[in-house]
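Heads up: the structure comes next, in structure tokens.
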Amino acid sequence: MLTYNEHIELREKLANDEITLAAAKELLWKDKTEGQRSWHTKDWKDRRVDFLKDKCELCDSTDTLTIQHLSHPKKFNEYKSEVTKKYVQIYKESDDSIDKIEFMKFINSDYDYYPILLCPNCEGRNPSHRVRKKPQYRCTECKHEFDKPNYKTETELVETFYKNDEAIEVRDKCFVSKKWQNQFHLSSLKYWFQREKTTNKDIDSIEKEAMLLYLDDNIKYLSFEDTITACKKCASYADLYNLELCPKCKTHYKGIQYPTCIQCLPDVRRKSALEAIEFGKQWAEMHRNLGME
């Protein structure tokens with residue numbers, strides 16, 4: 001695992017094109033093993049001494065002090081996804097047009113089409129399907145009964161989309177991913193088509209930008225920039241339950257999104273909050289008893 005200074009050096013080399021992206025990835029991840037953490041390294045432990053204070057900055061305890069990060073680095077793939085979205089937006093703003101033949105090939109390759117059924121009499125959508133009664137279908141709009149519904153082919157639907165991308169029929173999620181079984185409408189497929197084209201064209205630039213952001217994030221984390229000294233208890237509450245010590249009473253813990261703990265709320269609000277908590281517990285217990293967990 002690279003040290004703090006080695007991260008900085010690698011970031012500078014990549015930014016200045018003194019090293020390829022592939023080589024940077026190799027250097028960054030070659031020695032990283034499953035379960036290995038930065039705080040296990042000698043570099044971390046050596047530099048930690050300069051930042052660790054003599055007591056917890058939250059409760060003043062001196063029991064088992066540790067460096068507590070207030071923010072954590074994102075994964076490389078999260079940055080890659082964010083940068084890809086940015087490139088797709090740039091592509092769309094510069095030229096939002098897409099080749100119809102290419103678009104159809106993309107759809108046929110990756111998606112199955114399940115058309116919306118139409119009444120042959122009035123083109124009413126989604127007629128009722130009858131299992132025991134004949135004819136099989138009955139239109140909910142004109143009440144026409146029939147056995148063979150109409151539907152638009154993929155080509156017809158795409159043609160409609162090119163003429164009017166706000167038409168009601170092109171909003172239907174009638175395309176199902178062959179890989180993940182997710183359902184999409186044509187506007188979504190247009191985005192994924194543009195994303196694929198953008199990724200194929202700009203993959204090197206996207207990955208390099210994502211890697212620089214990823215390295216920035218890791219350098220910040222390794223620098224102890226956004227940290228405090230916390231005791232074992234305060235650190236555990238933060239990491240396991242997303243709770244922090246109440247700044248008002250310095251006794252109870254609270255959710256980080258709240259200004260104080262429940263005990264420090266005014267009487268009326270405290271009573272309401274405790275009642276809500278008790279109701280939630282009773283509701284959860286009822287679900288457990290009914291086997292609805």
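All of the numbers you see were taken from the coordinates with simple rules; none came from a lab. Please read all numbers here as calculations on a predicted model, not as lab measurements. Cβ placement follows ideal geometry from the backbone for every residue including glycine, while neighbour counts extend to all protein chains displayed.
Can you give the relative contact order of segment 243-289 as a percent, counting alpha carbon pairs under 8 Å and 6+ residues apart?
Relative contact order, segment 243-289: 21 percent.
Quick one: net charge around Thr160, please, counting Lys, Arg +1 and Asp, Glu -1 for every other residue with C-beta under 14 Å from its C-beta. After counting each charged neighbour, the total is -2. For the listed peptides 267-278, 13-24, a ranking on the average number of other beta carbons within 10 Å per residue, highest first, reads 13-24, 267-278. Working ranking of peptides 165-177, 218-230 by packing, defined as the average number of other Cβ atoms within 10 Å per residue, highest first, is 218-230, 165-177. Summarised in one figure, the compactness ratio Rg/Rh of segment 149-293, Cα atoms and Kirkwood Rh, is 1.20.
Angle, helix 100-110 long axis vs. longest principal axis of the chain, Cα atoms, 0 to 90°, nearest 10? The helix 100-110 is inclined about 70 degrees to the chain. Taking Cα atoms only, the orientation of helix 76-94 departs from the longest principal axis of the chain by about 50 degrees.
For the chain, the Cα gyration tensor yields ellipsoid semi-axes of 52, 35, 16 Å (square root of five times each eigenvalue, largest first, whole Å).
Modelled spin-label separation between Asp112 and Arg132, with each label point placed 7 Å from Cα along the Cα-to-Cβ direction: 3.0 nm.
Going by how many other beta carbons lie within 10 Å of each one, how would you line up Ser97, Ser205, Ser38, fewest first?
If I rank by nearby Cβ atoms, fewest first, I get Ser97, Ser205, Ser38.
Evaluating 6.51 cos²θ - 1.76 cosθ + 1.60 at θ = phi - 60° for every residue in segment 180-188, the Karplus couplings come out as 10, 6, 6, 9, 9, 9, 5, 4, 5 Hz, glycine and proline recorded as x.
3J(HN,Hα) along segment 50-59, derived from phi through the Karplus expression 6.51 cos²θ - 1.76 cosθ + 1.60 where θ = phi - 60°, amounts to 6, 10, 6, 8, 8, 7, 5, 6, 9, 10 Hz, with x in place of Gly and Pro.
With Rh defined as the Kirkwood radius, the inverse of the mean 1/r over Cα pairs, the Rg/Rh of segment 101-190 is 1.03. Here the Kirkwood formula, the inverse mean of 1/r across different C-alpha pairs, assigns segment 29-153 a hydrodynamic radius of 22.5 Å. Counting only Cα atoms, the size of segment 1-87 along its three principal axes is 47, 29, 27 Å, in decreasing order.
Cys residues of the chain that find no other Cys beta carbon under 4.7 Å: Cys59, Cys174, Cys234, Cys249, Cys264.
May I ask for the angle, rounded to the nearest 10°, between helix 232-241 and the longest principal axis of the chain, with both axes built from Cα atoms and the value confined to 0 to 90°? Orientation of helix 232-241: about 0 degrees from the principal axis. A straight chain from Tyr162 to Asn242 at 0.36 nm per residue would run longer than the Cα-Cα distance by 24.0 nm.
Using the Stokes-Einstein relation with a Kirkwood hydrodynamic radius computed over Cα pairs, the translational diffusion coefficient of segment 237-293 at 4 °C and a viscosity of 1.567 mPa s comes to 101 µm²/s. By the helix-only formula, in which each DSSP H run with n ≥ 4 contributes -39500 (n - 2.57) and the sum is divided by residues, the chain has a 222 nm mean residue ellipticity of -15500 deg cm²/dmol. Please compute the contact order of segment 101-190 in relative form: average sequence separation of alpha-carbon pairs under 8 Å and at least six residues apart, divided by the residue count, as a percent. It rounds to 27 percent for segment 101-190. Available extension along the chain between Thr251 and Glu102 is 47.3 nm, counting 0.36 nm per residue and deducting the alpha carbon span. Amide H contacts of Tyr253: Cys246, each under 5 Å away and 5 or more positions distant or on a separate chain (H built 1.01 Å from N in the peptide plane; Pro and chain starts excluded).
How far is the Cα center of segment 17-94 from the Cα center of segment 146-202, in Å? The distance from the Cα centre of segment 17-94 to that of segment 146-202 comes to 39 Å.
May I ask you to work out the translational diffusion coefficient for segment 128-177 at 4 °C, viscosity 1.567 mPa s, via Stokes-Einstein with Rh from the Kirkwood sum over Cα pairs, reported in whole µm²/s? Translational D for this selection: 100 µm²/s.
In order along segment 256-270, the Karplus-derived 3J(HN,Hα) couplings, from 6.51 cos²θ - 1.76 cosθ + 1.60 at θ = phi - 60°, round to 5, 7, 9, x, 9, 6, 4, 4, 8, 6, x, 3, 5, 5, 5 Hz, and Gly and Pro are given as x.
Mind checking the full-extension length gain between Ser81 and Leu290? Use 0.36 nm per residue of separation minus the Cα-Cα distance, one decimal, nm.
71.1 nm
For the pair Val268 and Trp39, a Förster radius of 45 Å applied to the C-beta separation gives a FRET efficiency near 0.50, rounded to the nearest 0.05.
Explain nothing, just the number: relative contact order of the chain, from Cα pairs under 8 Å at least 6 residues apart, as a whole percent.
After rounding, I find 24 percent.
When Leu157, Leu118 are arranged by Cβ crowding within 10 Å, least crowded first, meaning fewest neighbours, the order is Leu118, Leu157.
Note on segment 243-289: dipole from Cβ charges, positive end direction compared against Met286, Val268, Pro247; the farthest Cα belongs to Pro247.
Kindly put Met286, Met1 in sequence by how many other C-beta atoms sit within 10 Å of each C-beta, fewest to most.
Met286, Met1
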